[in-house]
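The values are calculated or read from the model by the stated rules, or taken from the named source; none is laboratory data. None of the values given here were measured: they were computed from a predicted structure. Heads up, the Cβs are rebuilt from the backbone with ideal geometry, glycines too, and the neighbour counts pull from every protein chain shown.
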Amino acid sequence: MTEVNATDRTIDPQRDRLVITASSVGTVFEWYDFFVYGTLAALLGRLFFAQVESESLSFLLSLATFAVGFIVRPIGAAVFGYLGDRVGRKYTFLVTISLMGLATAAIGLLPTYAAIGYWAPLLLVAIRILQGLALGGEYGGAAIYVAEHAPAHRRGFYTGFIQASVTVGFLLALGVVIGTTVLVGEEAFNAWGWRIPFLGSLLLLALSIWIRLKLNESPVFLAMKKAGRSAANPLKESFNSWSNVRLILIALLGIAAGLTVIWYNAQFYTLFFLQSTSGVSEADARELIAWGVIVAAPAFVFFGWLSDRVGRRKVVVTGYAVTLALLFPIYHMIAGAANPELDRALEENPVVISVPDDCNYSALADVQQRDCAKSLEWFVANGINFSRREGSFQVAIADVRLLNFDPEGFAQAVAEAGYPLESNPATRNDAVVLIGVIALSLLSAATFGPVAAILVELFPARIRYTSMSVSYHIGTGIFGGMLPFTSQLIVVQTGGVFNGLWYTFAVVSVALFTTFFFLPETSGRDISG
């Protein structure tokens, strides 16, 4: 085997295949564990938050629980980043994947609210916290391990496989959920079959540990350890100088925040949008997203490779700019193709709800008190776009005017105005929906593909695991983890089905500004020091 040292990483096909495969497969499985929950968020909301009368609040609570796993990721990044810089890359991500696999399997064993009451959501939140802690240490370890083996001129290409593995993990989660649903039937899946994807994590855990045990420690870490250059306290050293804090802020705001909201739009938000806004069935929505991800997955490796040729910064900045230009048009295209009857009704017969200043509608309230608030809740729960005006309470639908909370009257009025509450597969244009999903995934690939290489190249080896993991997971945890909940909350609170996209638009705008003006070009840097 070719000798490899910290400063001259040559190409050894056999070693490189093992490094990329083992790191990527483990990352796929770890993200699978994390994303199974997001894929089943709507169902889990009904099972674990059954005490909540409001369907909208139940879904929001499920998304909030999803966000909890992201919010604690920076803590996991600090803990496991410290271990990664002190103990080593290999053993640290063996610990993280074990914790993730066991926590995910535990969700599959949890009793629901119907069995143990309030303990069910509390235990679910606790397990999501464990998952978030584990994931806080996983991504940095895998990305650094691959990058520290890669030749400088192929670092983007090599780490592009780690980036693609995140998407493959999501795809695997979708595939297992879809396959299990087909195997046991939708009714049985909703009753007990949803546990199978979680319990399947134990098999994936055993396989990933077996593969990763075959790996040697990173050559950069070994050389650093031998030379006695390891950090005594990596967490403290990451924040004891303005120059490194500045890099952490650039990585957080310019890289992690921007790429994450684009990625979660391409995967989860589109899934929720198809289900809740366009009325596409959960099974059909999952299948549409899965096909879009399959087509776009290789693009993550391509954009990593492209960043080796033209520079990291140029690829990411272009991806951000194109995202801002196309975000709203793509979602309007998806909505029109997914439910053309609904799109036509929104255009021809918009719903206008007049509400007084003291209506006191809150999306986080379980039971609304007044007719105006109950009416807003009804339209939100049924995914019908509406605009709000100030004034005496009134619901205007085409020529119909309703002055009281009247669910039957609302249902009849929206039906007569041409509002279908479910997407019709016969009139739905799945090809156009797929084009939209693929376009969003390609934008995600452009901004995500080069990122592992960028983050590894930004920070010195002695504090790389800690600095990279903390900046990445604060950005992804705060901005990305809160995207499904925050965007859906905006939609619920305002009634505008496209208004949730403004969250993504704002975060990407900040990321574009930060990247364009402050991110240095890192391609080709020596990462041994």
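Taking the listed residues Leu124, Leu130, Leu94, the one that is touching a Phe, Trp or Tyr at 6+ places or on another chain (Cβ under 8 Å) and not small (Gly, Ala, Ser) is Leu124, with no other qualifying. Of the residues making up the stretch 427-470, those that are of a type outside the set (Gly, Ala, Ser), more than 22 Å from Val315 (Cβ to Cβ) and surrounded by 24 or more Cβ atoms within 10 Å (Cβ to Cβ) are Val433, Ile463, Tyr465, Thr466, Val470. Looking at the stretch 366-456, the strands (runs of 3 or more DSSP E) lying wholly inside it that each contain 1 or more residues that are free of Cβ contacts under 8 Å to residues at least 24 places away in the same chain and not aliphatic (A, V, I, L, M) sit at 400-402.
One line per residue, one yes/no per condition, for (1) modelled with pLDDT of 90 or more; (2) not assigned by TED's automatic domain parsing to the domain that holds Leu247:
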| residue | (1), (2) |
| --- | --- |
| Asp399 | no, yes |
| Leu403 | no, yes |
| Ala431 | yes, no |
| Leu434 | yes, no |
| Ile438 | yes, no |
| Leu442 | yes, no |
| Ala452 | no, no |
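Scanning the stretch 249-271 for residues that are surrounded by fewer than 22 Cβ atoms within 10 Å (Cβ to Cβ) and touching a Leu at 6+ places or on another chain (Cβ under 9 Å) yields a count of 1.
Of everything listed in (1) crowded, with 19+ Cβ neighbours inside 10 Å; (2) over 18 Å from the mean Cα position of the chain (by Cα); (3) assigned to a helix (DSSP H, G or I); (4) of a type in the set (A, V, I, L, M), the single unmet condition for Ala150 is (3). Among the helices (runs of 4 or more DSSP H) confined to the stretch 41-136, the ones with at least 3 residues that are at pLDDT below 75 and in the same structural domain as Phe170 (by TED's automatic domain parsing) are located at 55-71, 89-109.
On the basis of being crowded, with 24+ Cβ neighbours inside 10 Å and either in contact (Cβ under 8 Å) with a residue 60 or more places away in the chain or in the same structural domain as Val351 (by TED's automatic domain parsing) (or both), does Gly495 make the cut? It is false that Gly495 is crowded, with 24+ Cβ neighbours inside 10 Å and either in contact (Cβ under 8 Å) with a residue 60 or more places away in the chain or in the same structural domain as Val351 (by TED's automatic domain parsing) (or both). Checking Ala431, Ala446 one by one, the residue that is over 20 Å from the mean Cα position of the chain (by Cα) and of a type in the set (Gly, Ala, Ser) is Ala431 and no other.
Among the residues of the stretch 454-479, those that are modelled with pLDDT of 85 or more and within 14 Å of Val146 (Cα to Cα) comprise Ile454, Leu455, Val456, Glu457. In the set Asp308, Asp284, only one residue is farther than 30 Å from Leu421 by Cα, in the same structural domain as Ala453 (by TED's automatic domain parsing) and of a type in the set (Asp, Glu); that residue is Asp308. Could you please let me know if Ala283 is surrounded by fewer than 22 Cβ atoms within 10 Å (Cβ to Cβ) and either in contact with a helix residue (DSSP H, G or I) (Cβ under 9 Å, 6 or more places away or on another chain) or part of a helix (DSSP H, G or I) (or both)? The answer is yes for Ala283.
Among all residues of the stretch 237-258, there is at least one that is modelled with pLDDT under 90, under 30 Å from Arg313 (Cβ atoms) and of a type in the set (D, E, K, R). Entry remark, the stretch 498-526: residues being assigned to a loop (DSSP other than H, G, I, E, B) and crowded, with 24+ Cβ neighbours inside 10 Å number 1 in total. From the list Ala188, Ala164, exactly one residue is buried (at least 24 other Cβ atoms within 10 Å of the Cβ) and in a helix (DSSP H, G or I). Which is it? Answer to the selection: Ala164.
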